[in-house]
Structure formats: C-alpha cells, structure tokens
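Notes follow once the structure below has been shown.
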Amino acid sequence: MYCPYITGLETNGVDLADAEALPSRAAAPLAGVGKSTVNRHRAGICTCGQPETPEPIGRRDSVELGESGGSFVYHTADPEPIKNWDDVLTKLGVDPSAWAVVSKTVKVSRWEQSARAKDGSRDRVWLSAYRAQIAPKRDDAVTDSDIEAARTRIQGWQLPRRIPGTGIGAPVAAVLNLADIQGGKDAGGGVAATEQRLYDGLENFNAWVGRQRAGGRNIEELVIVNNGDPYEGCAGNYDGQLFSVELNLRGQMNFVLDVWGAYARELYPQFDKGQFVSVLCNHSEMGRFGGRKNQTNDADSGGAFLAESLQRILQGRPEFDHVKFTIPNDEMNVYADISGVPVGLNHGHKIPGNDATGFEKWLNGQARGDRKAWEAKVWITAHRHNFQCFDLGSTTVFQCPSADGGSKWLRDMTGKFSRSGILAMLIGQHDPLGWSDPVFL
Ligand SMILES: [Zn+2]
Ligand SMILES: [Zn+2]
C-alpha cells in the first residue's frame, strides 16, 4: 500500500523510470524522502509489494471436525464476501474435495480495527470473522449445472415424430377374433344381419389397423382366430333349434366359408406374416347326429373341418403362401406363438362358471398337467357371448364378445343382453403385458 518513495514521486510529477536511473542518494530528494526509504523500496522490503492490509493479529482461526461434520471460525481482512469456500477450507487444513461449507449456517461479523503496517505506520482496517458448519461433501448433490442441464434437456424434449414404415419399433401382431358367429341362428335379424355385422367388422378392423399403423405401430403379422361356434348347427344344442334356424347345415357351413374367405382375401395380403388359428367348440360337434351327445369323438369338429377347407382354398395361391394354419385334432387348448408371446386359445365350453373365478379355477387345474397352459401370457376364450377381460397375474384373459345377434333366452332370463362385436388387440413384445390396444369392433 503506502510507499512514501512512490507516493512522493507521484506527488512531485517525477517519472519512476527516471528516478530509478539515479543512485538512491540522488533519487531520494525527488520524492522528498530519505535515502534509506529509496533503498528499502529497491531491496523489495518496502510496503509496495505487501498486501494492502495486514492480516489481523491476535485472532485465532479454529476448526472442529468429527466424522459427520463440524464447524470452523475463520478471520480475514479481505473485505470481499467469500464466494469460493474451497480456498478457506484449504487454509484451515480441511480437504475441500471431502468437505463442504453448509452455506445456510454461515455467520459473519465485521469490525473496524487499528492495524500496524509493516513500515510501522498505522491504519484502520475492517476485519471479518466467519463461523460456519462443515458437512461431508455429497457426490449426488444437485448442482446449479445439473439443474441447467436438466432444464436444457426438458425444454428440448419433443414428441417422437415417426413416419409409418420407417424404424417404428418392435414388431407386433394384430389379432382378430371371430367368436360365436352362430351362423344360421335367427336371433337379432338372423343370417342377413349377422352377415352385415361381419362385413362392418371387417371394414372397422381394417380402419383400426390403419389407425394403429399411422400411430407408429409396426404391425407385421395378422392372426385371424376362429374362437368357436362359427355356425349354429340345426339340432341337439337346445330345444327349438330345428324350428328356428334359418339355414340348413350345408348353408351354414358355406356361410362361414364365405365370411372367413372374405376376411382372408381382404386382410392377409396386407401383412408380412399370417396365421389362422382354430379351436374346437360345442355347436359344431359333427358327431351328435341331432342328439345331445357327441357320438364320434372331439376331433369330429365342423369348425376344424371348415378351417381345413379354408386352408385348402388358400393353398397354392401366392398371396396367401405366408399364412400358417393351426388346427387342433382333438385338443381343446390350442397354443400359438404370436409375435414372440405364448398365447393360449380355446372356445371355453369346458370352463366352469361365467367369470374370472371359474376361469382361474380351471386354469389352476390345467397348469397341473399342461405346462403350456401356465406359460401362456395371454388367454383368449369365448362361448359366453359377452366381453370380459381379467388379469390373473401370470396371464391376461380375454373373453370375446359374440358375433351373433344376441340371445332372447338370456335377456328373458336375466334382463341382461350383451353387445355383439369382434374383439381385436395387438400382441407382441412391444408391451410388458404382451398385449395392448384392445378394441371392440
Ligand atoms: Zn356360442
Ligand atoms: Zn359355445
């Protein structure tokens, strides 16, 4: 700070370089000081090179530090507020990479004090005493730069913009369930209304696939399922069946083939892979011969026969050479790998009860003898002519609505009626459940 030689030269308007070219004896009068003052400056022991204010004398810094933290007292004559505590901790012998000052505990007191400069002159200085707590430095503490980075990240986030057909994620299958068409049955407008509903369903399914694809779903496979009871039969299922059905057996079976054929013709060529999965059912047991009991065996199934007929119709046609058929012999449970997800299917006429309780009891039994029954991540069943879906933990169960015209008997007995429709969903490994986007068409 104060150097009488430099100050004197400035006061007298003498250039320092000119004075320094002279011996101290000649330079001293130019600054109005004694020779020894010039010599002290030239020897570097004057106050020019010293801090402006001396460190306070007689005040002791202290640190108390245990394993979980501590506190310190620190004195300084520097009037600037402390911004970087690392230097202070280092001066106090505390490792700033392991410890940090808890900023909200910092207390500071200031006072003015007379201090003696090194040249012996006296001056008044402001002194500061800081007290604060020290805590272990946390690696996971959120810093200002962390917050800034998060802000940049969040503000820059955009919804993905995907163009269908280009890099659109995990492949999935669209599964279309044709359940309980009961073709030939007179209820709800009979055959004509059922046919119209099925063609409406085909159109709605096609539009739904379009929406899913436009939304970015990578649907590469189509699975059409015959979930059972594709036709009503003429006799043996209930009293009055012969009196009420609109078509004979030949007419009913041709009706089913026409409908399935239309679905196959319009839909399979739109997909890279195709499956047709068929299950056995009660209404198409061919061995009843009009009686209440099947007189041949479970394999004697009209539904399975129609699936085999469709297979023969499509065979050898290049637009269908990618379609794989799964048709049981006499097994009630049918299994299919659908886009990597194990799926179990049956008609449901061997399952007790009408809801999740019955299904769960049935599945618990199946799992004892049929490993695949337990492994199936999705179960699709039908027969009860109303839509239900239940989560059993190891599997999600879909009970399909019927495609028929409803049941006067059910409505009279219970007051309930169920909506006709076609259940579709996406199945694949795109979703932890193995399925997504179920739709009632
Ligand atoms: Zn049925
Ligand atoms: Zn049935």
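The values are calculated or read from the model by the stated rules, or taken from the named source; none is laboratory data. Just so it is clear, the model here is predicted, and its values are computed rather than measured. Positions of Cβ are backbone-derived with ideal geometry, glycine not excepted, and every protein chain shown enters the neighbour counts. Side chains included, ligands, DNA and RNA excluded: accessible areas come from the protein's heavy atoms. Shrake-Rupley method; radii C 1.70, N 1.55, O 1.52, S 1.80 Å.
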Pairs needed: first member in the range 158-183, away from ligand 2 (no atom under 16 Å from the Cβ); second member anywhere, modelled with pLDDT under 65 and not β-branched (V, I, T); C-beta distance under 6 Å; at least 6 residues apart or different chains. I168/R162
Is there a residue in the range 248-256 that is within 16 Å of ligand 2 (Cβ to nearest atom), over 28 Å from I427 (Cα atoms) and aromatic (F, W, Y)? no
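Are any residues in the range 281-303 assigned to a loop (DSSP other than H, G, I, E, B) and more than 12 Å from ligand 2 (Cβ to nearest atom), and if so, which ones? I'd like the intermediate steps shown before the answer.
Going through the range 281-303, the residues assigned to a loop (DSSP other than H, G, I, E, B) turn out to be 281-284, 289-300.
Answer for the range 281-303, where residues must be assigned to a loop (DSSP other than H, G, I, E, B) and more than 12 Å from ligand 2 (Cβ to nearest atom): F289, G290, G291, R292, K293, N294, Q295, T296, N297, D298, A299, D300.
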Residue satisfying all of: in the range 340-352; open to solvent by 20 Å² or more (accessible area, probe 1.4 Å) and more than 15 Å from ligand 2 (Cβ to nearest atom); nearest to I181 (Cα to Cα) among these: P342
In the range 76-127, what count of residues is obtained for those that are more than 30 Å from R40 (Cα to Cα), of a type outside the set (G, A, S), more than 43 Å from the chain's Cα centre (by Cα) and in a strand (DSSP E or B)? 4
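To keep it simple, each residue is scored yes or no on (1) without any contact (Cβ under 8 Å) to a residue 40 or more places away in the chain; (2) over 25 Å from I327 (Cβ atoms).
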site: A373; (1), (2): no, no
site: W379; (1), (2): yes, no
site: F387; (1), (2): no, yes
site: S418; (1), (2): yes, yes
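To keep it simple, each residue is scored yes or no on (1) under 25 Å from T194 (Cβ atoms); (2) open to solvent by less than 30 Å² (accessible area, probe 1.4 Å).
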site	(1), (2)
V259	yes, yes
R265	yes, no
V277	yes, yes
F289	no, no
A304	yes, yes
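For the range 392-412, give me the residue count where each residue is within 16 Å of ligand 1 (Cβ to nearest atom) and either assigned to a loop (DSSP other than H, G, I, E, B) or farther than 21 Å from W362 by Cβ (or both).
Initial filter on the range 392-412 (within 16 Å of ligand 1 (Cβ to nearest atom)): 398-411.
Cutting the leftovers down to either assigned to a loop (DSSP other than H, G, I, E, B) or farther than 21 Å from W362 by Cβ (or both) gives us 400-411.
Number satisfying all stated conditions: 12.
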Restricting the range 356-391 to residues that are under 31 Å from the mean Cα position of the chain (by Cα) and in a loop (DSSP other than H, G, I, E, B), the residue that is farthest from ligand 1 (Cβ to nearest atom): K377
